[in-house]
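The values are calculated or read from the model by the stated rules, or taken from the named source; none is laboratory data. Being a predicted model, the structure only gives us computed values, none of them experimental. For neighbour counting, all protein chains shown are included, and Cβ atoms are generated from backbone atoms with ideal geometry for every residue, glycine included. Note: accessible area is taken over every heavy atom of the protein model, side chains too, but ligands, DNA and RNA are not part of it. Shrake-Rupley method; radii C 1.70, N 1.55, O 1.52, S 1.80 Å.
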Amino acid sequence: MMTKEIQDFIHYMREAKKVSDNTAICYERDLRKMERYFLEQGIEQVGQVTATGLNSYILYQEKQGRRPATISRGIAALKAFYGYLLQERVLVSNPAGELKSPKVEKRAPSILTEGEIARLLEQAGGSTPKGLRDRAMLELLYATGIRVSELVSLQVSDVNLAMEYIVCNGGGKERVIPFGTVAKGALEAYLHKGRSTFVQEESEPWLFTNCSGQPMSRQGFWKLVKSYGKKAGISGELTPHTLRHSFASHLVDNGADLRSVQEMLGHADVATTHMYAQASREEGKGQIREAYRKAHPRK
């Protein structure tokens, strides 16, 4: 069994590499799949796995119809895992060293129109604590473009209502992201009239919680988005990430420069942000807050 090595690796990734919970969960899930595959082949120890065996495992995944992006993520997990075992001298050679990821076709991000965004956000609301919470989450997500994992990890202390910005610590790097008056109003309504219903003590750190007072989960928020999207009559793919894509696209369409959008999104390379702009668009050199105020539809 490879259970101990996998557990040690995940602990190392969390504690030493400081990967996000989502990354650690994905790595562990991918490695458990690999472990089950080799157990069925009669291979129980990590030292028994060969490069040929790993290539056969990747081929098996392809025959099972796994998407190239899924396979690539699994290969990244294998490379990190076996690199760790080599580093810890559990192994003397790395069978995953020559694995090649399949070519992943880059799809254009799913983006909602400004009208669809307005319809979606209108579905959450009212004066109930749940409605106030959901509206605040949706407004803040679209207002800042943060990842859903970053949204559900926010603490009350990360929000500055007076100056209209949040402090986001996603990806191991702190970002300060402005938001507009619409999101500010939704946050104020939730904090003053809704949040106390969910938390036992006002001193609880988490900004958004579920009905039991526990931090809202990514999956829980995903279900909310799906539900509101259905009510809004939005067809096609709709995930929390759709709001992130829409945030960036609407800023660029309304004249924000790519460098400012890059910084708000937390992209390491501005090339990643280029997918939101047409090739002919000329980049400007505005300040982040100025770019936001000029370009965000719900400023």
Check: Does residue 83 satisfy the condition of being without any contact (Cβ under 8 Å) to a residue 24 or more places away in the chain, open to solvent by less than 70 Å² (accessible area, probe 1.4 Å), under 29 Å from residue 15 (Cβ atoms) and not hydrophobic (A, V, I, L, M, F, W, C)?
Finding: yes
Next item on the list: Output the residues belonging to the stretch 121-133 that are touching a helix residue (DSSP H, G or I) at 6+ places or on another chain (Cβ under 6 Å) and part of a helix (DSSP H, G or I).
Entry: 121, 123, 129, 132, 133
Margin query: List pairs: first residue in the stretch 12-26 and open to solvent by less than 60 Å² (accessible area, probe 1.4 Å), second residue among the β-branched types (Val, Ile, Thr) anywhere in the structure, Cβ distance under 6 angstrom, at least six positions apart or on different chains.
Written below: 13/19; 24/10
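How many residues does the stretch 141-158 hold that are buried (at least 20 other Cβ atoms within 10 Å of the Cβ), over 18 Å from residue 246 (Cβ atoms) and among the aliphatic types (A, V, I, L, M)? Spell out how you get there, then give the answer.
Within the stretch 141-158, the subset buried (at least 20 other Cβ atoms within 10 Å of the Cβ) is 141-148, 150-154.
Narrowing the set further to residues that are over 18 Å from residue 246 (Cβ atoms) leaves 152-154.
Applying the additional criterion that residues be among the aliphatic types (A, V, I, L, M) yields 152, 154.
Residues meeting the conditions: 2.
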Checklist line | Residue count, the stretch 35-53 (criterion: farther than 12 Å from residue 96 by Cα and of a type in the set (A, V, I, L, M)) | finding: 2
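Considering every residue within the stretch 93-107, establish whether at least one is modelled with pLDDT of 85 or more, touching a strand residue (DSSP E or B) at 6+ places or on another chain (Cβ under 7 Å) and crowded, with 18+ Cβ neighbours inside 10 Å. So that I can check it myself, show each step before the final result.
Of the stretch 93-107, the ones modelled with pLDDT of 85 or more are 93-100.
Applying the additional criterion that residues be touching a strand residue (DSSP E or B) at 6+ places or on another chain (Cβ under 7 Å) yields none.
No: the stretch 93-107 contains no residue that is modelled with pLDDT of 85 or more, touching a strand residue (DSSP E or B) at 6+ places or on another chain (Cβ under 7 Å) and crowded, with 18+ Cβ neighbours inside 10 Å.
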Note to self: Here's a check for you: in the stretch 121-140, which residue that is open to solvent by 10 Å² or more (accessible area, probe 1.4 Å) and under 21 Å from residue 233 (Cβ atoms) is farthest from the chain's Cα centre (by Cα)?
What the structure shows: 126
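Table: residues versus (1) part of a loop (DSSP other than H, G, I, E, B); (2) open to solvent by 90 Å² or more (accessible area, probe 1.4 Å); (3) more than 30 Å from residue 248 (Cα to Cα); (4) of a type outside the set (Lys, Arg).
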site	(1), (2), (3), (4)
10	no, no, yes, yes
32	no, no, yes, no
52	no, yes, yes, yes
65	yes, no, yes, yes
89	yes, yes, yes, no
Checklist line | Residues within the stretch 170-200 that are surrounded by 14 or more Cβ atoms within 10 Å (Cβ to Cβ), out of contact with any strand residue (DSSP E or B) (no Cβ under 7 Å at 6 or more places or on another chain) and not in a helix (DSSP H, G or I), tallied | finding: 2
